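The next block holds one structure in the form of structure tokens; read it before the comments.
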Amino acid sequence: MKRILTIGSALLSAAVAFAQAPQLNKNNIDEVVKAMTLEEKITLVVGANRFVGDENGPGPAPGMPERRSVDMTGLVEKPKSDGVTAFSSGRVKGAAGDVVPVERLGITTMVLADGPAGLRIDATRPGDENTYYCTAFPIGSLLSASWDPELTQRVTTAMGSEVLEYGADVLLAPAMNIHRNPLCGRNFEYYSEDPLLAGKIAAAYVKGVQSNGVGTSVKHFAANSQETLRNGQNASVSERALREIYLKGFEIVVKEAQPWTIMSSYNKINGVLASENRWLITDVLRGEWGFKGFVMTDWWAEENGARQIAAGNDMLMPGTPHQYADILAAVESGRLDIRFLDDCVRRILQVMVASPTFNRYEYSNKPDLAAHAALTREAASQGMVLLKNGNALPLAKKRKVALFGVPSYDTMVGGSGSGYVNRAYKVTVDEGLEAAGFRLDKELAASYREYVKAEKAKQPAEYFWIIPTVEETVIGPAEAEAAARRNDVCIYSIGRMAGEGGDRTLTPGDWYLSKTEETNLDVLCEAFHKAGKKVIVLLNMGNIVDMSWSSKPDAILHTWMDGQEAGNSVADVLSGKVSPSGKLPMTIAKHYEDYSSAKDFPMSNGNPGDVNYDEDIFVGYRHFDRYPETILYPFGFGLSYTSFEYSGLKAEKSGDALQISVKVTNTGKCSGREVVQIYVGAPEGNAVKPVKELRAFGKTAELKPKESEVLTMTVKLSDLRRFDAYEREWKLDKGEYVVSAAASSQDIRENVTVTL
Ligand code: GLC
């Protein structure tokens, strides 16, 4: 009897506590915060991995300090889970992290899943005959190479519906760090050397995903410009370069698209870890830009949880017992004022109450993958960049094609790491060309397919962290000559894999072509040119390589990494079904040493972890405009199958903006789309400035021959300011501004001047 009474009274008091405890809704957040215990608050800000995942993740990068040891007894307990609000990282298998709910107060979990090229969750689950494949969309650099925010938004509207229908709440994307140096391993996920292009593409990306009622996490905030020693390397950057280059894109996204969350970066900025940087996260991001969401760390970011919370970094992902202990000890010792913690909890709850999980959305696990496959096929064809075309492209149908190069048969459709997608299939270039009606040289195709199959059989299966690639084979002169006799045209693919966690190297097979790639190109050009036939090179990579060989082939098409419909997208462009309209979002210089950051990448003066951004604001075309002789293919460059004329450029001041318009006419023989760039050269004033800076851009609709379109663009006068680091404020210099309408940063079509 006694026992029944005690159990009864315990249940009663629990029920009473439950009954008294406010249940979270969008109108009682402050009340819920007040009702939370200290442990419950810390539980919300430290991710669920602390229960189920590995305690310390990959640990600090080599050369970086070990973590402080803390007593973690009793802090790693198995979570309760009722299956409905179950939160341990099994709720959506393969999600990168989730939040520990506090059921007593109606606080649910929140599921955070990668990544920029599509949702990454496990496609199969033990004991479950259903599949959970996601669409592998093109990589970030292809979206920016399309210069098409509207297309980007359509792509990510589809991507966001997969986030919603597979039960996740936040997509850990877009990734938008500046291409400071072409050897950064993650450039494939990022957009550009220019913050305006990066910011506009990222803003469109966020709007698309969030139109589904799910969130994004714009990353990595900020100046995460390399992978070497990423967990703590220090970026020494002037405040002007931060403001005008490395933060500007994030500012655009926050102000134009209100992302639900931001992910702080691993690195230090001027000596302070981004995730512990109150100036960055609270003063600038929230105080100046009005960011309303919450900030999470990158995964296992170097942690001093208390300092991260005090900086306004609200959530520590994926969560470790160490972090929980650190924050608990800090509050109890007074090292961390509880009000910082309350602010973080409040900001997380403000986002949570809008999330599908909190609102018990009944997700279907059945997103429209067929429609998304068609969309990714279209999107990829809009971002490919035609760098050279000596009357080689487009190919008429049914042409006999000698298709060379391993990537033509084992096409790279996306990168590894958190940017990987568990897709159901991929269409390779050979498959896409055949499906489009091209007649591939059978003997050649068979030998490549057999070789690729045999090599892959020796390799471990690809998984998100490692995508094995197959070594290129040597093409003999006799084989090339025979192929030249049998076929009408040669296509040769050169590929590079990409992934997070490491930067690229100045070696053959990476930045430079390998010996095999180089001699293959020579052998093919020799044989096919002797036979009076063309050689087309396809670049299948997430970034760029040394292009000192570009004079050899007749045509070069940068196809990037195109997602699961890659082969079809490539065929759509090669066949002329789609005229290439992509333009370079970064500069391709004649030599690596021409890049302004070359001497300071990945570190300066050989100091592990120290990087001086001594090029300051002169990154990309801002640098190359001063040394045009070092440019091979300029920022903003890309050919079409047709040609365009610009006329009637106007730039008029109206209120606090410049209204700009320019007419674009298709003067060629086939349809196409044109990307127009608006650069503005500011008067010198009392600061060193770039020759000109990208201030707006637009892309025409598909124009038929002789058709025209007038593009109108607005540039806010405030966007013409420079940051005065001495007075720590933005300044608009008076004087004459030169407004240019350009087809690339080195192809100015029209200029007008405006006096401000
Ligand atoms: C990774 C990446 C980040 C990703 C996160 C979760 O290390 O830096 O982009 O979203 O961890 O996988």
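The values are calculated or read from the model by the stated rules, or taken from the named source; none is laboratory data. As the structure is a computational prediction, the values presented were derived from the model and not from experiment. Neighbour counts are summed over all protein chains in view; Cβ atoms, including those assigned to glycine, are modelled from backbone coordinates with ideal geometry. Each accessible area value is taken on the protein alone, full model and side chains, heavy atoms only, with ligands, DNA and RNA left out. Shrake-Rupley method; radii C 1.70, N 1.55, O 1.52, S 1.80 Å.
Numbers below:
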{"item": "Sorted peptide list for 748-756, 673-681, 347-355, 214-222, criterion being average Cβ within 10 angstrom, highest first", "result": "214-222, 673-681, 347-355, 748-756"}
{"item": "Amide H contacts of Ile588 (H built 1.01 Å from N, under 5 Å, at least 5 apart or other chain)", "result": "Leu632, Tyr633, Phe635"}
{"item": "Tilt relative to the chain, helix 2-20 - C-alpha long axis, 0 to 90 degrees, to 10", "result": "50"}
{"item": "The chain - mean residue ellipticity at 222 nm from DSSP helices (-39,500 (n - 2.57) per run, n ≥ 4, rounded to 500)", "result": "-8000 deg cm²/dmol"}
{"item": "Spacing of the two label points (7 Å from each Cα toward its C-beta) at Thr519 and Gln459, in nm", "result": "2.2"}
{"item": "Within the accessible area of the stretch 416-560 (1.4 Å probe), percent carbon and sulfur", "result": "56"}
{"item": "Sites Asp30 and Tyr451, calculated FRET efficiency, Cβ-Cβ separation with R0 56 Å, nearest 0.05", "result": "0.30"}
{"item": "Relative contact order (%) - the stretch 155-231, alpha-carbon pairs under 8 angstrom, separation at least six", "result": "45"}
{"item": "Other-chain or far-sequence residues with amide H under 5 Å of Leu440's (modelled H)", "result": "Val401"}
{"item": "Share of carbon and sulfur in the accessible heavy-atom surface of the stretch 644-755 [1.4 Å probe, %]", "result": "47"}
{"item": "Solvent-accessible area per residue for the chain (1.4 angstrom probe, square angstrom)", "result": "36"}
{"item": "Rounded Å value of the spacing that divides the Cα centres of the stretch 572-623 and the stretch 310-335", "result": "38"}
{"item": "For the stretch 543-680: rounded, prolate or oblate by the Cα gyration tensor [a/c cutoff 1.5]", "result": "oblate"}
{"item": "Accessible surface ranking that places the most exposed of Phe528, Phe618 first, with a 1.4 angstrom probe", "result": "Phe618, Phe528"}
{"item": "Label-reachable residues, the stretch 467-488, where backbone N falls under 11 Å from a point 7 Å from Ala531's Cα toward its Cβ", "result": "478-488"}
{"item": "Qualifying lysines (Cα of each under 25 Å from Cα of Lys400; at least 8 residues distant if same chain)", "result": "Lys388, Lys426, Lys442, Lys453, Lys530, Lys533, Lys534, Lys552, Lys577, Lys669"}
{"item": "In nm, spacing of pseudo-spin labels at Leu506 and Thr124 (7 Å Cα→C-beta vector)", "result": "4.6"}
{"item": "Estimated FRET transfer efficiency (Ser708, Ile338; beta-carbon r; R0 56 Å; 0.05)", "result": "0.30"}
{"item": "Tensor-based shape of the stretch 258-373 (alpha-carbon gyration tensor, a/c under 1.5 rounded, otherwise prolate or oblate)", "result": "prolate"}
{"item": "Share, in percent, of DSSP beta bridges within the chain that are antiparallel, nearest 5", "result": "60"}
{"item": "Cβ crowding within 10 Å averaged over residues, with 361-368, 477-484 ranked highest first", "result": "477-484, 361-368"}
{"item": "Degrees between helix 477-486 axis and first principal axis of the chain (Cα, 0 to 90, nearest 10)", "result": "80"}
{"item": "Part-to-part distance (alpha-carbon centres) for the stretch 108-126 and the stretch 230-308, which is given in Å", "result": "24"}
{"item": "Accessible surface ranking that places the most exposed of Trp465, Trp147, Trp279 first, with a 1.4 angstrom probe", "result": "Trp465, Trp279, Trp147"}
{"item": "Lys534 long-range amide H proximity, modeled H, under 5 Å", "result": "Cys490"}
{"item": "For the stretch 385-579, the Rg and Dmax computed from alpha carbons only, in angstrom", "result": "15.7, 46"}
{"item": "Of Lys583/Lys692; Lys93/Lys207; Lys219/Lys689; Lys650/Lys692, pairs whose Cα-Cα distance is over 21 Å", "result": "Lys93/Lys207; Lys219/Lys689"}
{"item": "Cα gyration tensor shape for the chain, rounded if a/c is under 1.5, else prolate or oblate", "result": "prolate"}
